[in-house]
Amino acid sequence: MDEPRPRPIVFLSDFGFEDEFVGVCHGVIARIAPAARVIDLTHSVPRHDVFRGALLLSESIAYMPQDSVYLAVVDPGVGTDRPSLAVQARSGALFVGPDNGLLSLAFERAGGVADAVEVTSPKVLLEPVSTTFHGRDIFAPAAAHVAAGMPLEELGPAIDPGRLVRLSVAEPSVHRGRIACEVLAVDRFGNVQLSVGQSHLAGARLQRSDDLQVLAPGGSFAVRRASTFADVAEGDYAILIDARGWLAVVRNGASAAEGLGVRPGDGIVIQQPPG
């Protein structure tokens, strides 16, 4: 009888590609589960930016195979006493990474936690475990073993799901004609993703407004509601719902973030123009 097909592994990190870190993790996986498919989601998460990694991981869930094992490593606390996790979600997806909130938005989107363990088993760890590269010595082997069929409980002792570190997206302040919100992320094109969805626009009665005003650290900016970048002239600002479902300020042919003078975490106001 044929052995069951290994589960796919979705790999996210802030390792970049200048060093060997991503390749070494691939090598560890290949030694344990050579038939497992590895999907490199991204290795360009800004260094140590746990929240950005958590957002990207959670926003990928809808497009990945349902039985995926998610290997996520953005770990400024590597080598400390923070636990190394493997989390089974109610959807069937499984998440491996540090207990610093990186996995939390994703496992909540995947239905919440069904079971969680701390990865400590000598059957899994690559000894001696480095204090600076848990991606190689703990997380990659754990992901490979569960992808190949190892039961979750063999990775280590159970952890109370209520004790796991969780992140959250800050809710905007919504009033009629005005939304005060936060910059969630800036992508490589300079598009500014905001903590605002369609329901917030509706709550502020702004969902049908074609002309809006953005108040940002760089000043006050007139923006047009749009569906595509080309709906406004080159160099002009627009506001649209992006591919991830968030409201975004964009600029045709230029960086909206540079013009607005914003970075992730900054506050922004979207409102009806005065008068």
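The values are calculated or read from the model by the stated rules, or taken from the named source; none is laboratory data. Keep in mind the model is a prediction, meaning the values are calculated, not measured. Backbone-built Cβ (ideal geometry, glycine too); neighbour counts: all protein chains shown. Protein only, heavy atoms only, side chains kept; ligands, DNA and RNA dropped before computing areas. Shrake-Rupley method; radii C 1.70, N 1.55, O 1.52, S 1.80 Å.
Taking every DSSP beta bridge that has both residues in the chain, what percent is antiparallel when rounded to the nearest 5?
75 percent
Calculate, for the chain, the solvent-accessible area per residue in square angstrom, rolling a 1.4 angstrom probe over the heavy atoms of the protein chains. Intermediate results must be reported in sequence, preceding the final value.
Numbers: 13210 Å² over 275 residues.
Value for the chain: 48 Å² per residue.
Could you work out what % of the accessible surface of the chain is carbon and sulfur, using a 1.4 angstrom probe and leaving DNA, RNA and ligands out of the count?
Values: 6510 of 13210 Å².
Summing carbon and sulfur atoms, their accessible area is 49 percent of the total for the chain.
Please report the accessible area of Leu41 (heavy atoms, 1.4 Å probe, ligands and nucleic acids excluded) in Å², nearest 10.
Roll a 1.4 Å probe over it and Leu41 shows about 50 Å².
Could you work out the relative contact order of the chain, using alpha carbon pairs under 8 angstrom and six or more residues apart, expressed as a whole percent?
On the way: 618 pairs, mean separation 41.3, N = 275.
Here the relative contact order equals 15 percent.
Which value, in Å² and to the nearest 10, is the accessible area of Met150 when all protein chains are kept and the probe is 1.4 Å?
40 Å²
Output the 0 to 90 degree angle, nearest 10, between the alpha-carbon long axis of helix 50-60 and the longest principal axis computed from the alpha carbons of the chain.
It is inclined by approximately 90 degrees.
With a Cα-only, solvent-free Debye model of region 161-234, what are the log10 I(q)/I(0) values at q = 0.23 Å⁻¹?
-1.30
So if a site counts as exposed when it's one of the GluC sites (Glu not before Pro), its DSSP state isn't H, G, I, E or B, and it has at most 16 other Cβ atoms within 10 Å, what's the longest stretch of the chain without one? Provide the component values of the computation, followed by the final result.
On the way: sites that count: Glu18, Glu20, Glu234.
Segment 21-233 is the longest.
Can you pull the one-decimal nm distance between simple spin-label points at Ser44 and Thr131, each 7 Å off the Cα toward Cβ?
The modelled label-to-label distance comes out at 3.4 nm.
Take Asp19 and Asp160, extend 7 Å from each Cα along the Cα→Cβ direction, and tell me the distance between the two endpoints in nm.
Each label point lies 7 Å from its Cα, and together they span 3.6 nm.
Using a 7 Å offset from the Cα along the Cα-to-Cβ direction at both Gln198 and Ala233, what is the distance between the two label points in nm, to one decimal?
About 3.2 nm separates the two model spin labels.
Can you sort His48, His145 by 1.4 Å-probe accessible area, starting with the largest? Mind dumping the intermediate values first?
Working: His48 120, His145 40 Å².
Result, largest first: His48, His145.
Once the other residues with Cβ under 13 Å from the Cβ of Arg263 are scored (Lys, Arg +1; Asp, Glu -1), what is the net sum?
Details: positive: Arg52; negative: Asp49, Glu182, Asp187, Glu258, Asp266.
Spelling it out: positives minus negatives among the neighbours equals -4.
Please calculate the 1.4 Å probe accessible area of Ser130, with all protein chains present, and give it to the nearest 10 Å².
Here the accessible area works out near 30 Å².
At q = 0.12, 0.20, 0.22 Å⁻¹, what log₁₀ I(q)/I(0) does a Debye calculation on the Cα points of region 1-53 give, no solvent, two decimals?
Rounded to two decimals, the profile gives -0.33, -0.75, -0.85.
Under 13 Å from a point placed 7 Å out from the Cα of Glu171 along the Cα-to-Cβ direction: which residues of region 48-67 have their backbone N that close?
Zone members listed by number: none at all.
Of all beta bridges DSSP finds with both residues in region 207-275, what is the antiparallel percent, to the nearest 5? Spell out each step's value before the answer.
Details: 14 of 16 bridges.
If I count the DSSP bridges inside region 207-275, around 90 percent turn out antiparallel.
Which trypsin sites (Lys or Arg not before Pro) in region 18-126 pass both tests, a DSSP loop state and at most 15 other beta-carbon atoms within 10 Å? Write down the numbers at each step before the final one.
Details: sites: Arg31, Arg37, Arg47, Arg52, Arg90, Arg109, Lys123; in loops: Arg37, Arg47, Arg90, Lys123.
When the trypsin sites (Lys or Arg not before Pro) of region 18-126 are filtered for loop state and at most 15 Cβ neighbours within 10 Å, Arg37, Arg47, Arg90, Lys123 remain.
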